[in-house]
1. At 1.4 Å probe size, with the rest of the protein present, what percent of the exposed accessible area of region 108-203 is carbon and sulfur atoms?
2. Restricting to DSSP loop positions (anything but H, G, I, E, B) with no more than 14 other Cβ atoms inside 10 Å of their own Cβ, which trypsin sites (Lys or Arg not before Pro) remain in region 88-192?
3. Relative to the longest principal Cα axis of the chain, at what angle does helix 12-23 sit, 0 to 90 degrees, rounded to 10?
4. Rolling a 1.4 angstrom probe over the protein chains, ignoring ligands and nucleic acids, what is the accessible area of LEU158 in square angstrom, nearest 10?
5. With a cut-off of 8 Å between alpha carbons and a minimum separation of six or more residues, what is the relative contact order of the chain in percent?
6. Regarding region 47-188, what is the average projected area of its C-alpha convex hull, in nm²?
7. Cα extents of the chain along the three principal axes, largest first, in whole Å?
8. A 23 angstrom limit on the alpha carbon distance is what I want to check against. Which of LYS170/LYS312; LYS170/LYS210; LYS170/LYS248; LYS90/LYS138; LYS133/LYS312; LYS40/LYS170 exceed it?
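The values are calculated or read from the model by the stated rules, or taken from the named source; none is laboratory data. The shown structure was predicted, so the numbers you read here are calculated from the model rather than taken from an experiment. All Cβ positions, glycine included, derive from the backbone under ideal geometry; neighbour counts span all protein chains shown. When the accessible area is computed, the model is the full protein with side chains, heavy atoms only, and any ligands, DNA or RNA have been set aside. Shrake-Rupley method; radii C 1.70, N 1.55, O 1.52, S 1.80 Å.
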Amino acid sequence: MNRIGLFGAAGAIGGSIADALRAGGRHYRVVGRTRGSLEKQYGRDPLAEIATWNPDDPSSVRAACRGLEAMVYLVGVDYWKFELHPRLMKQTLEGAIAEGVPRVLLIGTVYPYGRPQAARVREDHPREPHTFKGRMRKAQEDLLLQADAAGRIKGCVLRLPDFYGPGVDKSFLHGAIVAAVSGGVANMIGPIDRPHEFVFVPDVGPVVVKLLDQPKAFGHVWHLAGAGATTQKTMVEEIERQAGRPLKLRVAGKTLLRVIGLFSPMMREMVEMHYLLTDPVIMDDAALQRLIGPLSKTSYQEGLRRTLQYQKREPTHAS
């Protein structure tokens, strides 16, 4: 039985990958620290096996890896605890290698690149992170790619830009989505008129499954870009059009983020990554398309429609 493990599955990206596996009738294991959240998300799927783990316990890591044909690594940490990323990757890799897991795919970010040196960033762009978070993400990637180069396990990285979609509350667009449905002021981080790109979360899962099935994917980094360059302002205008009314916006720049950060650890940590809004990383995913064929990308108009529709059904997801 071909079983794929989703480590850190209790989130939107994990759900998208599970949907793609389910559509193909494939068995999978979801792994997380808390069983309750996994049961809520996956408990009704007969193809899903639910497992909990403690990544600080080597025997727990090995048990979570046992019998897997492939692993997708989605483990998140609090935004103010990025020093955990390399440590958790190292512990997980050791368990996976000990259990003979053949392949690992890491869901990555643009953080390791640092400030972009090109209008469109390809996979061969220098990894020169100037932020702590970028260095921690680079160290995480290095552990996997070095293990692949040494022949200990096959590994690859799929980089994603910022994302949005149904049930995604950690998005630059979430405040506008909530305000469009429930009223109030949309809190956003600016500038909102600079180029940016977003990937629609449901588009991610099918790409991950194709990569897992492609032997040539391993040993490399791949990009999945959004549905074209846009701006937060343009996305808000589309949200307003679909909602049928203007939104009240409260846009925080870098200076205001510093002030808010005195009271919010999350906002305090956003300050060092603010460059991504002023010096955006727009990705080129031509290499991925050459590897697995044309990519199905939901238009921003349709993605926002589906996201607003979900928010109307699930108003408790406002935060």
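1. On region 108-203, the fraction of accessible area on carbon and sulfur atoms equals 50 percent.
2. Sites meeting the loop and neighbour criteria: ARG122, ARG152, LYS170.
3. Orientation of helix 12-23: about 60 degrees from the principal axis.
4. Its accessible surface works out to 0 Å², give or take rounding.
5. In percent, rounded to a whole number, it is 18.
6. 11.2 nm²
7. Its Cα atoms span 54, 43, 42 Å along the three principal axes.
8. LYS170/LYS210; LYS133/LYS312
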